[in-house]
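Asker: Structure in structure tokens, see below.
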Amino acid sequence: MKKIIRVAALGGAVALALAACGSAPEETEETTGGETAASVDYKACMVSDAGGFDDKSFNQSGFEGLTRAVEELGIEEAHVESAADTDYTPNIDSLVAEDCDLIIGVGFLLEDPIQAAAEANPDVNFALVDSSFSDADFAPVTLDNGKPILFDTAQAAYLAGYTAAATSTTGKVATFGGIQIPSVTIFMDGFADGIAKFNEDNGGSVQLLGWDKTTQQGVFAGNFDSQDDGKNIGQSFIDQGADIIMPVAGPVGLGTASVAEAAGNVAIIGVDSDWYETTEYGALILTSVMKEIGPAVFDTISEAVDDNFSSDAYVGTLENEGLGLAPFHDFESKVPADVVTKLDELKASIISGDITVESDASPK
């Protein structure tokens, strides 16, 4: 499949690929009618990638959007978790068989099966989080019944990189990914640029471990589910002197947080959602690069319920608040006031276009 070909090509630059995989959640499927005052004859459905709906990350955020739609719009829903990539197609087929009006795939790796299902079922609408649609040569294509839900995540990751560089005491920070795909490397590119901006503005020499934006080579676990891999990668960074780590790897990153907690002097930057709120490691979370996946999913469902489904891509940015940097929470007193002011200035400059955060993975 073209997605497998693409991932294999991107994976050529991987510096570390660990083969061990943690146990994936069991496949589940559930249909729940909305209990609102005005029930709507509409069924929205969702399929996760292998991270599952309790990944504390983008699958969970997407599911929260579906749950909100059930509660507020009075629709029916069905959802099914994938334990491996081989589950994607049968899971989507099962939702088609359940007469879903809209099927949402969560994650870049679902592009091929979602696109194939959309082409085979023109009377069903589909949406895809974190990927657009393309032909066999990877050229973009538009499907009348397919909506990409995308995020220019590099913008918010830029602010996180600046924050990490400004608050590191060792002069070394780190990032790594689960699998080398655009929805992961876009975080890492923005993070690298934010660090570079800090160094440029302050004559600094903060070093980034785990990713080289120029060569697009870095550290990847090779999966999104093994917390043991996250522990091993995180400990390697800590041993090299990193005191702030941004794992872009779903549940793998929870393993990194566990070794950071044991180290006692290492902070974590969360991704996708506010990890202070969604994980048990709140005391370690400097901030998080947030993608507002839940609201984007809700809005997509709401438009479809109102018969306004559109194949136009949604692109979350700092300007439309589809992206954001989470509060500093327990680290608020440790982030200098002048850094907070600078972050506000940088955000304004990105929104105005005075600063352009570039990544090959940004939505085109």
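The values are calculated or read from the model by the stated rules, or taken from the named source; none is laboratory data. Every value quoted in this text rests on a predicted model; they were computed, and no experiment measured them. Note that each Cβ is placed from the backbone with ideal geometry, even for glycine, and that neighbours are counted across all protein chains shown. Each accessible area value is taken on the protein alone, full model and side chains, heavy atoms only, with ligands, DNA and RNA left out. Shrake-Rupley method; radii C 1.70, N 1.55, O 1.52, S 1.80 Å.
Asker: Among the residues of the range 166-174, is there at least one that is of a type in the set (Gly, Ala, Ser) and in a loop (DSSP other than H, G, I, E, B)?
Answerer: yes
Asker: What residue, among those in the range 115-155 that are of a type outside the set (S, T, N, Q), surrounded by fewer than 19 Cβ atoms within 10 Å (Cβ to Cβ) and outside any loop (DSSP other than H, G, I, E, B), is modelled with the lowest pLDDT?
Answerer: Ranking the qualifying residues of the range 115-155, first place goes to 140.
Asker: Taking the options 337, 296, 304, name whichever one is over 22 Å from the mean Cα position of the chain (by Cα), small (Gly, Ala, Ser), surrounded by 14 or more Cβ atoms within 10 Å (Cβ to Cβ) and modelled with pLDDT of 95 or more.
Answerer: 304
Asker: Pick from the range 173-190 the residues that are within 14 Å of residue 362 (Cβ to Cβ) and of a type outside the set (Ser, Thr, Tyr): which of them is most open to solvent (accessible area, probe 1.4 Å)?
Answerer: 182
Asker: From 286, 254, which residue is under 24 Å from residue 53 (Cβ atoms), of a type in the set (A, V, I, L, M) and in contact (Cβ under 8 Å) with a residue 60 or more places away in the chain?
Answerer: The conditions single out 254.
Asker: Still on this structure, please answer the following. Given 156, 166, which one is closer than 22 Å to residue 295 by Cα and either of a type outside the set (Val, Ile, Thr) or more than 14 Å from the chain's Cα centre (by Cα) (or both)?
Answerer: 156
Asker: Go through (1) open to solvent by 20 Å² or more (accessible area, probe 1.4 Å); (2) farther than 30 Å from residue 349 by Cβ; (3) not β-branched (Val, Ile, Thr) one by one and return the number of the condition residue 205 breaks.
Answerer: (2)
Asker: I'd like the full set of residues that are in a strand (DSSP E or B) and at positive phi, limited to the range 263-286.
Answerer: 272
Asker: Sticking with this structure for a sec: Identify all residues within the range 83-105 that are outside any helix (DSSP H, G or I), surrounded by fewer than 20 Cβ atoms within 10 Å (Cβ to Cβ) and aliphatic (A, V, I, L, M); write none if there are none.
Answerer: Those that are outside any helix (DSSP H, G or I), surrounded by fewer than 20 Cβ atoms within 10 Å (Cβ to Cβ) and aliphatic (A, V, I, L, M): 83, 84.
Asker: Of everything in the range 214-242, what is closer than 21 Å to residue 156 by Cβ and surrounded by fewer than 21 Cβ atoms within 10 Å (Cβ to Cβ)? Give them in sequence order.
Answerer: 216
Asker: Another question about this same structure. For the range 95-110, enumerate the residues that are of a type in the set (A, V, I, L, M, F, W, C) and out of contact with any Asp or Glu (no Cβ under 9 Å at 6 or more places or on another chain).
Answerer: Within the range 95-110, 96, 97, 102, 103, 104 qualify.
Asker: Just checking, which of 195, 244, 181 is touching a Leu at 6+ places or on another chain (Cβ under 7 Å) and modelled with pLDDT under 95?
Answerer: Criteria check complete, one pass: 181.
Asker: Only one of 161, 203, 194 is closer than 18 Å to residue 343 by Cα, without any contact (Cβ under 8 Å) to a residue 24 or more places away in the chain and out of contact with any strand residue (DSSP E or B) (no Cβ under 6 Å at 6 or more places or on another chain). Can you tell me which?
Answerer: The match here is 203.
Asker: Restricting the search to the range 52-76, which residues are in contact (Cβ under 8 Å) with a residue 12 or more places away in the chain, open to solvent by 10 Å² or more (accessible area, probe 1.4 Å) and either β-branched (Val, Ile, Thr) or not in a helix (DSSP H, G or I) (or both)?
Answerer: 53, 54, 56, 70, 76, listed by residue number.
Asker: Residue 228 fails exactly one of the following numbered conditions: (1) assigned to a loop (DSSP other than H, G, I, E, B); (2) at negative phi. What is the number of that condition?
Answerer: Condition not satisfied by residue 228: (1).
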